[in-house]
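Some notes on the structure that comes next.
The values are calculated or read from the model by the stated rules, or taken from the named source; none is laboratory data. Please read these numbers as outputs of a predicted model, since none were measured by experiment. Because the Cβ atoms are built from the backbone with ideal geometry, glycine has one as well, and the counts that use them run over all protein chains shown. Just the protein is used for accessible areas: all its heavy atoms, side chains included, with ligands, DNA and RNA removed. Shrake-Rupley method; radii C 1.70, N 1.55, O 1.52, S 1.80 Å.
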Amino acid sequence: MSMRNLSGKNVEFGKRERIELLTNIDRLFLLLFAVSFAVCVAAIVLFRVQNQSVIVPATFASVPLAMVGIAYCIYNRKRYVLALAVVTPIIMLLLKIDFNWILVTVSIMIGLVGVLALVSILQRAIFYPVIASIELINIKGKLTLFDRMVSFLFSISGDIDTRNIEIDYNLNRASIPWKEVASTLRISFMAGLFIWIYISMNPSWMSYGSLSSVPVYLFSVMLYIPLIVMPFSIFMSMNARISTRYKDFMIYDGVKMTLYRMVVPIFAAFIYILLAVNESGIMAVLMFIMLSVLFNLIINTAACLIFYRWFESGVVNDVRSGWYRFRPYSLTMIIEDEKSVMKEDVPDTPRRDMSDLGVMVFAESQE
């Protein structure tokens with residue numbers, strides 16, 4: 001237990017019950033991705049040691065995502081996706097379409113399924129640990145490394161009472177939430193700045209010959225952006241917020257605030273690199289960046305539409321299943337609230353006799 005000294009008293013904060021939403025198959029998918037990713041990183045290092053171009057191993061960057069996508073389709077009996085991934089390249093070959101575009105198509109069809117499966121797993125994994133950390137972050141005596149990371153990433157101010165966290169429990173989508181899609185796309189654009197800076201600093205990414213070879217490795221790299229950005233969207237979907245007497249603090253907005261603070265210096269460094277560092281010429285750099293922006297938009301738009309249509313509801317249901325274990329009743333509930341869960345839903349809740357509140361009697365005015 002952590003202890004904090006307040007006004008000469010020792011105040012203890014016990015650890016919460018750990019709410020675990022991950023299943024064994026979720027852990028298996030994570031293990032499959034981790035092993036596949038480690039193998040790909042080892043292959044990239046081996047290629048670089050042998051002075052091979054970075055382009056060759058980069059084309060296999062989507063393999064870990066494809067492995068998870070195939071495993072997900074098999075486990076959930078989505079055989080039509082696998083069949084489509086086999087039939088489509090055959091048709092494209094018969095139509096004599098460039099082989100690089102065939103690889104792009106297959107990587108999107110299978111790799112994107114793997115991305116969204118991992119996103120839903122990560123959302124289940126991070127939601128309650130982050131919420132539990134935020135709840136006590138400003139009253140703990142000593143913050144853990146995880147608490148400090150959460151405080152930085154979600155822009156939690158030290159002068160806000162974080163104990164009363166609420167969500168929209170009765171979330172029910174009637175259509176695609178386009179505002180949330182737009183918000184995710186804006187964050188994905190900022191995440192893409194890191195990749196564009198690396199591309200502009202590394203001429204080997206732009207010396208592979210014809211333009212037809214560009215989509216393969218750009219799509220492979222861009223597939224990882226929704227995997228980085230979209231796990232945080234669960235806080236936006238659930239409208240997770242810190243309720244205060246004045247204005248609620250939206251937890252997802254904290255992530256956006258952190259990225260917005262970082263984007264200005266990153267963009268300045270990006271412009272400097274374009275003008276002063278790269279040796280391939282500014283037009284070559286701009287061409288690759290324009291392509292990456294286009295691919296980023298395509299991949300993240302597709303990821304958002306598919307996720308909100310087929311994946312989000314499962315994650316939301318899992319989060320809701322654990323909410324009353326995390327927060328049995330609202331911290332701001334009042335006694336006379338007839339709709340409160342305290343009245344019926346919580347076992348062994350003491351019933352208060354309202355007569356013990358007494359009656360306030362005012363003396364008659366004297367004329």
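Place the peptides 108-120, 65-77 in order of packing, highest mean first, counting for every residue the other Cβ atoms within 10 Å and averaging per peptide.
Sorting 108-120, 65-77 by mean packing, highest first, produces 108-120, 65-77.
Stretch residue 301-residue 84 to full length: gain in nm at 0.36 nm per residue minus the Cα-Cα span?
76.1 nm
Using a 1.4 angstrom probe on the protein heavy atoms only, line up 246, 224 by accessible area, largest first.
Sorted by accessible area, descending: 246, 224.
Quick query: amide H of residue 164 versus all other amide H atoms, modeled in the peptide plane; which residues come in under 5 Å with a sequence gap of 5 or more or a different chain?
Under 5 Å from the amide H of residue 164 lie the amide H atoms of 243, each far enough along the sequence or on another chain.
Leaving out ligands, DNA and RNA but keeping every protein chain, what accessible area does residue 237 have, in Å² rounded to the nearest 10, with a 1.4 Å probe?
10 Å²
Between residue 48 and residue 194, how many nm apart are label points set 7 Å from Cα along the C-beta direction?
Modelled inter-label distance: 1.5 nm.
If ligands, DNA and RNA are left out, what is the accessible area of residue 105 with a 1.4 Å probe, given in Å² to the nearest 10?
40 Å²
Going by accessible area, probe 1.4 Å, with all protein chains left in place, what is the ranking of 39, 130, largest first?
My answer, sorted largest first, is 39, 130.
Just to check I understand the Karplus step: with θ = phi - 60° and J = 6.51 cos²θ - 1.76 cosθ + 1.60, what whole-Hz values come out for region 105-119, glycine and proline as x?
4, 5, 5, 6, 5, 8, x, 5, 5, x, 4, 5, 4, 5, 4
Quick one: Karplus J couplings for region 320-326, per residue in order, coefficients 6.51, -1.76, 1.60, θ = phi - 60°, nearest Hz, x for Gly and Pro?
Values, residue by residue: 5, 5, x, 5, 6, 6, 7 Hz.
At 0.36 nm per residue, and after removing the present C-alpha to C-alpha distance, how many nm does the segment from residue 290 to residue 243 gain when stretched out fully?
Additional length available on full extension: 12.8 nm.
Pull out a ≥ b ≥ c, the square roots of the eigenvalues of the alpha-carbon gyration tensor of region 70-197, then state rounded if a/c is under 1.5, prolate if not and a/b is larger than b/c, and oblate in the remaining case.
Taking the square roots of the gyration eigenvalues as a ≥ b ≥ c, region 70-197 is prolate.
With a 1.4 Å probe and every protein chain left in place, tell me how much accessible area residue 135 has, in Å² to the nearest 10.
Here the accessible area works out near 10 Å².
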